[in-house]
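Below is one structure, written out as C-alpha coordinates, with a few remarks after it.
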Amino acid sequence: MRRIKKSRNSLFGLLLVFPTICLAAPERDAPKTAGDAREAHSASDPHEENAASNDVPEPPSPQTARRESRLAGVGIRLSTLGAGAEVGVSLSNRLNVRGGVNIFQYNRGFNHDGVTYQGQLNLRSVEAHLDWYPLGHTFHLSPGLLVYNGNGATATANVPGGSTFTLGGATYTSDPTNPITGTGQLDFVKAAPTAMFGFGNLVPESRHFSFNFEMGAVFQGSARTKLNLTGGACDATGLYCVNAATDPTVQANVAAEQNKINNKLSPFKYYPVVSFGFGYRF
(Lines give C-alpha, C1' and ligand atoms only; values in the text may rest on other atoms or scores of the structure.)
Protein backbone atom coordinates (compact mmCIF):
# COMPACT_ATOMS: atom_id res chain seq x y z
CA MET A 1 0.00 0.00 0.00
CA ARG A 2 2.83 2.34 0.79
CA ARG A 3 4.40 1.59 -2.60
CA ILE A 4 1.16 2.28 -4.42
CA LYS A 5 0.69 5.50 -2.55
CA LYS A 6 4.28 6.61 -3.29
CA SER A 7 3.84 5.86 -6.97
CA ARG A 8 0.68 7.86 -7.09
CA ASN A 9 2.45 10.85 -5.57
CA SER A 10 5.31 10.64 -8.10
CA LEU A 11 2.94 10.38 -11.03
CA PHE A 12 0.95 13.37 -9.80
CA GLY A 13 4.14 15.48 -9.49
CA LEU A 14 5.24 14.55 -13.00
CA LEU A 15 1.89 15.62 -14.42
CA LEU A 16 2.33 19.02 -12.77
CA VAL A 17 5.89 19.59 -14.07
CA PHE A 18 5.42 18.28 -17.66
CA PRO A 19 3.48 21.30 -19.07
CA THR A 20 6.14 23.67 -17.78
CA ILE A 21 8.88 21.70 -19.56
CA CYS A 22 6.90 21.71 -22.83
CA LEU A 23 6.36 25.46 -22.71
CA ALA A 24 9.99 26.26 -21.88
CA ALA A 25 11.55 24.17 -24.66
CA PRO A 26 10.45 26.33 -27.66
CA GLU A 27 11.65 29.47 -25.91
CA ARG A 28 15.14 28.05 -25.65
CA ASP A 29 15.20 27.09 -29.35
CA ALA A 30 13.68 30.30 -30.82
CA PRO A 31 15.88 33.34 -31.71
CA LYS A 32 15.71 36.13 -29.19
CA THR A 33 15.13 38.98 -31.77
CA ALA A 34 14.34 39.52 -35.46
CA GLY A 35 17.95 40.60 -35.96
CA ASP A 36 19.13 37.28 -34.62
CA ALA A 37 16.88 35.60 -37.18
CA ARG A 38 18.39 37.60 -40.02
CA GLU A 39 21.89 36.85 -38.80
CA ALA A 40 21.09 33.19 -38.57
CA HIS A 41 19.64 33.23 -42.09
CA SER A 42 22.66 35.05 -43.48
CA ALA A 43 25.04 32.72 -41.80
CA SER A 44 23.17 29.73 -43.16
CA ASP A 45 23.24 31.03 -46.81
CA PRO A 46 26.33 33.14 -47.70
CA HIS A 47 25.55 33.01 -51.46
CA GLU A 48 22.34 34.96 -50.98
CA GLU A 49 24.25 37.62 -49.01
CA ASN A 50 26.76 38.09 -51.85
CA ALA A 51 23.97 38.33 -54.44
CA ALA A 52 22.20 41.00 -52.40
CA SER A 53 25.39 43.06 -52.06
CA ASN A 54 26.02 42.86 -55.82
CA ASP A 55 22.58 44.29 -56.59
CA VAL A 56 23.35 47.64 -54.89
CA PRO A 57 24.12 50.26 -57.64
CA GLU A 58 27.27 52.32 -57.35
CA PRO A 59 26.75 56.10 -57.12
CA PRO A 60 27.79 58.04 -60.28
CA SER A 61 31.05 59.97 -60.26
CA PRO A 62 30.88 63.81 -60.02
CA GLN A 63 32.06 64.13 -63.66
CA THR A 64 29.35 61.75 -64.89
CA ALA A 65 26.68 63.52 -62.85
CA ARG A 66 27.69 66.89 -64.27
CA ARG A 67 27.73 65.63 -67.86
CA GLU A 68 24.34 63.98 -67.46
CA SER A 69 22.96 67.35 -66.38
CA ARG A 70 24.16 68.96 -69.66
CA LEU A 71 26.38 71.83 -68.52
CA ALA A 72 25.57 75.22 -70.10
CA GLY A 73 27.45 78.48 -70.37
CA VAL A 74 26.93 82.00 -71.67
CA GLY A 75 29.42 84.55 -72.90
CA ILE A 76 30.03 87.94 -74.46
CA ARG A 77 32.62 88.67 -77.11
CA LEU A 78 34.07 91.23 -79.47
CA SER A 79 35.08 90.15 -82.97
CA THR A 80 35.39 91.27 -86.57
CA LEU A 81 31.74 90.18 -86.90
CA GLY A 82 30.76 92.79 -84.29
CA ALA A 83 29.83 92.77 -80.62
CA GLY A 84 28.13 89.53 -79.71
CA ALA A 85 26.66 87.16 -77.17
CA GLU A 86 26.70 83.37 -77.24
CA VAL A 87 25.47 80.31 -75.39
CA GLY A 88 26.94 76.79 -75.29
CA VAL A 89 25.85 73.34 -74.11
CA SER A 90 28.10 70.33 -73.49
CA LEU A 91 27.39 67.13 -75.42
CA SER A 92 30.31 65.09 -74.10
CA ASN A 93 33.80 65.55 -72.65
CA ARG A 94 35.08 66.61 -76.09
CA LEU A 95 32.06 68.13 -77.81
CA ASN A 96 30.04 71.31 -77.26
CA VAL A 97 27.39 72.94 -79.39
CA ARG A 98 27.42 76.74 -79.44
CA GLY A 99 25.37 79.54 -80.97
CA GLY A 100 25.50 83.32 -80.95
CA VAL A 101 24.46 86.64 -82.44
CA ASN A 102 26.61 89.61 -83.57
CA ILE A 103 25.81 93.22 -84.39
CA PHE A 104 27.77 96.34 -85.37
CA GLN A 105 27.03 99.56 -87.29
CA TYR A 106 29.32 102.25 -88.67
CA ASN A 107 28.54 105.37 -90.74
CA ARG A 108 31.01 107.02 -93.10
CA GLY A 109 30.94 109.34 -96.11
CA PHE A 110 33.27 108.82 -99.09
CA ASN A 111 33.72 109.74 -102.75
CA HIS A 112 34.16 107.17 -105.52
CA ASP A 113 34.63 108.10 -109.20
CA GLY A 114 33.06 111.50 -108.64
CA VAL A 115 29.96 110.12 -106.87
CA THR A 116 29.55 111.15 -103.22
CA TYR A 117 28.27 108.36 -100.99
CA GLN A 118 26.97 108.46 -97.43
CA GLY A 119 27.51 104.88 -96.43
CA GLN A 120 26.45 102.70 -93.52
CA LEU A 121 28.26 99.47 -92.71
CA ASN A 122 25.98 96.86 -91.11
CA LEU A 123 27.28 93.71 -89.46
CA ARG A 124 24.45 91.41 -88.36
CA SER A 125 24.74 87.66 -88.12
CA VAL A 126 23.49 84.55 -86.31
CA GLU A 127 25.97 81.69 -86.02
CA ALA A 128 26.13 78.05 -84.87
CA HIS A 129 29.23 75.94 -84.17
CA LEU A 130 30.24 72.45 -83.09
CA ASP A 131 33.28 72.74 -80.81
CA TRP A 132 35.53 69.67 -80.88
CA TYR A 133 38.35 69.36 -78.31
CA PRO A 134 40.72 66.75 -79.82
CA LEU A 135 43.17 66.97 -76.91
CA GLY A 136 40.46 67.11 -74.28
CA HIS A 137 41.58 70.56 -73.12
CA THR A 138 41.07 74.16 -74.25
CA PHE A 139 42.23 73.86 -77.89
CA HIS A 140 39.27 73.35 -80.20
CA LEU A 141 38.30 73.06 -83.85
CA SER A 142 34.91 74.55 -84.66
CA PRO A 143 33.17 73.99 -88.00
CA GLY A 144 29.98 75.99 -88.23
CA LEU A 145 27.55 78.11 -90.17
CA LEU A 146 26.35 81.67 -90.31
CA VAL A 147 22.67 80.76 -90.22
CA TYR A 148 21.92 84.38 -91.10
CA ASN A 149 24.51 86.58 -92.81
CA GLY A 150 23.30 90.16 -92.79
CA ASN A 151 26.76 91.67 -93.26
CA GLY A 152 26.87 94.40 -95.88
CA ALA A 153 26.43 98.10 -96.51
CA THR A 154 23.90 100.63 -97.77
CA ALA A 155 24.50 104.11 -99.10
CA THR A 156 22.87 107.15 -100.60
CA ALA A 157 24.55 108.70 -103.67
CA ASN A 158 24.51 112.11 -105.27
CA VAL A 159 26.49 114.18 -107.77
CA PRO A 160 26.10 117.97 -107.52
CA GLY A 161 24.73 119.58 -110.69
CA GLY A 162 27.47 120.48 -113.16
CA SER A 163 30.01 118.05 -111.59
CA THR A 164 31.51 115.18 -113.57
CA PHE A 165 31.44 111.51 -112.56
CA THR A 166 32.49 108.19 -114.05
CA LEU A 167 30.48 105.02 -114.59
CA GLY A 168 32.19 101.94 -116.03
CA GLY A 169 34.91 104.06 -117.66
CA ALA A 170 32.48 106.56 -119.26
CA THR A 171 32.46 110.16 -118.02
CA TYR A 172 29.22 112.11 -117.54
CA THR A 173 28.14 115.48 -116.20
CA SER A 174 25.36 115.72 -113.67
CA ASP A 175 22.45 117.74 -115.08
CA PRO A 176 22.31 121.09 -113.21
CA THR A 177 18.50 121.10 -113.44
CA ASN A 178 18.09 117.42 -112.50
CA PRO A 179 21.23 116.26 -110.68
CA ILE A 180 22.16 112.61 -110.26
CA THR A 181 20.95 110.92 -107.02
CA GLY A 182 20.52 107.32 -106.03
CA THR A 183 21.11 104.48 -103.62
CA GLY A 184 23.63 101.68 -103.33
CA GLN A 185 23.55 98.32 -101.61
CA LEU A 186 26.22 95.71 -100.90
CA ASP A 187 25.59 92.24 -99.47
CA PHE A 188 26.66 88.59 -99.55
CA VAL A 189 24.96 85.18 -99.47
CA LYS A 190 22.52 84.94 -96.57
CA ALA A 191 23.91 81.65 -95.19
CA ALA A 192 27.63 80.90 -95.18
CA PRO A 193 29.83 78.11 -93.77
CA THR A 194 32.55 78.95 -91.26
CA ALA A 195 35.77 77.30 -90.06
CA MET A 196 37.26 78.33 -86.73
CA PHE A 197 39.95 77.24 -84.29
CA GLY A 198 40.96 78.64 -80.96
CA PHE A 199 41.53 78.26 -77.24
CA GLY A 200 39.01 78.27 -74.43
CA ASN A 201 35.84 76.47 -73.43
CA LEU A 202 32.51 78.18 -72.86
CA VAL A 203 31.42 75.15 -70.77
CA PRO A 204 34.43 74.16 -68.62
CA GLU A 205 33.96 71.32 -66.12
CA SER A 206 36.16 72.52 -63.27
CA ARG A 207 35.49 76.26 -63.09
CA HIS A 208 32.82 78.88 -63.78
CA PHE A 209 34.67 81.67 -65.62
CA SER A 210 36.50 81.28 -68.94
CA PHE A 211 38.44 83.32 -71.49
CA ASN A 212 38.05 82.42 -75.17
CA PHE A 213 40.05 83.29 -78.27
CA GLU A 214 39.23 82.24 -81.84
CA MET A 215 40.40 82.77 -85.41
CA GLY A 216 38.95 81.63 -88.70
CA ALA A 217 36.96 82.69 -91.72
CA VAL A 218 33.46 82.96 -93.15
CA PHE A 219 33.13 81.59 -96.69
CA GLN A 220 30.54 84.07 -97.89
CA GLY A 221 31.28 84.19 -101.61
CA SER A 222 31.54 87.21 -103.89
CA ALA A 223 30.14 90.60 -103.00
CA ARG A 224 26.86 91.64 -104.66
CA THR A 225 26.65 95.37 -105.40
CA LYS A 226 23.58 97.14 -106.73
CA LEU A 227 23.43 100.81 -107.80
CA ASN A 228 20.21 102.65 -108.54
CA LEU A 229 20.72 106.10 -110.11
CA THR A 230 18.17 108.65 -111.21
CA GLY A 231 18.49 112.15 -112.69
CA GLY A 232 20.04 113.55 -115.82
CA ALA A 233 23.36 112.28 -117.14
CA CYS A 234 24.78 114.70 -119.72
CA ASP A 235 27.69 114.58 -122.11
CA ALA A 236 30.84 116.63 -121.54
CA THR A 237 29.26 119.72 -123.11
CA GLY A 238 26.19 119.48 -120.93
CA LEU A 239 23.94 119.98 -123.98
CA TYR A 240 22.79 116.38 -124.40
CA CYS A 241 21.25 114.71 -121.33
CA VAL A 242 19.46 111.38 -120.80
CA ASN A 243 17.55 109.81 -117.94
CA ALA A 244 20.12 107.74 -116.03
CA ALA A 245 17.44 105.33 -114.74
CA THR A 246 16.20 104.26 -118.18
CA ASP A 247 18.92 104.94 -120.77
CA PRO A 248 20.42 101.58 -121.87
CA THR A 249 23.92 103.00 -122.35
CA VAL A 250 23.98 104.52 -118.89
CA GLN A 251 22.57 101.29 -117.38
CA ALA A 252 25.27 99.24 -119.10
CA ASN A 253 27.88 101.53 -117.56
CA VAL A 254 26.15 101.19 -114.15
CA ALA A 255 26.49 97.40 -114.47
CA ALA A 256 30.18 97.79 -115.33
CA GLU A 257 30.62 100.00 -112.26
CA GLN A 258 28.97 97.36 -110.07
CA ASN A 259 31.35 94.70 -111.37
CA LYS A 260 34.28 97.01 -110.71
CA ILE A 261 33.26 97.42 -107.06
CA ASN A 262 32.67 93.66 -106.69
CA ASN A 263 36.16 92.92 -108.03
CA LYS A 264 37.72 95.31 -105.52
CA LEU A 265 35.90 93.46 -102.73
CA SER A 266 36.89 89.97 -103.96
CA PRO A 267 39.25 89.34 -100.99
CA PHE A 268 36.18 89.40 -98.72
CA LYS A 269 34.96 86.13 -100.21
CA TYR A 270 36.74 84.72 -97.19
CA TYR A 271 35.85 87.12 -94.44
CA PRO A 272 38.45 86.92 -91.64
CA VAL A 273 37.22 86.43 -88.08
CA VAL A 274 39.19 87.20 -84.92
CA SER A 275 37.34 86.95 -81.63
CA PHE A 276 37.99 87.60 -77.92
CA GLY A 277 35.42 86.78 -75.26
CA PHE A 278 34.57 85.92 -71.67
CA GLY A 279 32.16 83.25 -70.48
CA TYR A 280 30.40 81.96 -67.38
CA ARG A 281 29.39 78.33 -66.85
CA PHE A 282 26.31 77.58 -64.73
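Does Thr173 fit the bill of being surrounded by 14 or more Cβ atoms within 10 Å (Cβ to Cβ) and in contact with a Ser or Thr (Cβ under 9 Å, 6 or more places away or on another chain)? Answer is yes for this residue. Against the test of being over 17 Å from the mean Cα position of the chain (by Cα) and of a type in the set (A, V, I, L, M), the options Ala153, Ala128 yield a single qualifying residue, Ala153. May I ask you to list pairs of residues, at least six apart or on different chains, whose Cβ atoms are under 6 Å apart, with the first in the range 196-221 being in the same structural domain as Arg94 (by TED's automatic domain parsing) and at positive phi and the second being charged (D, E, K, R) and surrounded by fewer than 20 Cβ atoms within 10 Å (Cβ to Cβ)? Going by the 6 Å Cβ cut-off, the qualifying pairs are Gly221/Lys269.
Condition first: assigned to a strand (DSSP E or B) and loosely packed, with under 15 Cβ neighbours inside 10 Å. Now tell me which residues in the range 149-162 satisfy that.
The answer is Thr156, and nothing else.
Do you know which residues across the range 86-106 are more than 17 Å from Ser142 (Cβ to Cβ) and either in contact with a Gly (Cβ under 7 Å, 6 or more places away or on another chain) or not assigned by TED's automatic domain parsing to the domain that holds Arg124 (or both)? Correct list: Ile103, Phe104.
Taking Phe165 as the residue in question, decide whether it is surrounded by 17 or more Cβ atoms within 10 Å (Cβ to Cβ) and either over 16 Å from Arg224 (Cα atoms) or under 20 Å from the mean Cα position of the chain (by Cα) (or both). Taking the combined requirement at face value, the residue satisfies it. From the list Ser142, Ser174, Ser125, the lone residue that is touching a residue at least 40 places away in the same chain (Cβ under 8 Å) and touching a Pro at 6+ places or on another chain (Cβ under 9 Å) is Ser174. Test Leu91 against the stated conditions and say whether it is buried (at least 19 other Cβ atoms within 10 Å of the Cβ) and either out of contact with any Pro (no Cβ under 8 Å at 6 or more places or on another chain) or not β-branched (Val, Ile, Thr) (or both). So Leu91 does not fit the description; no. Is there a residue being outside any strand (DSSP E or B), at pLDDT below 90 and at positive phi anywhere in the range 106-127? No, because not a single residue in the range 106-127 is outside any strand (DSSP E or B), at pLDDT below 90 and at positive phi. Counting residues in the range 193-201 that are surrounded by 15 or more Cβ atoms within 10 Å (Cβ to Cβ) and more than 20 Å from the chain's Cα centre (by Cα) gives zero.
The values are calculated or read from the model by the stated rules, or taken from the named source; none is laboratory data. Source: prediction; values computed, not measured. Cβ sites come from the backbone with ideal geometry, for glycine too, and all protein chains shown count toward neighbours.
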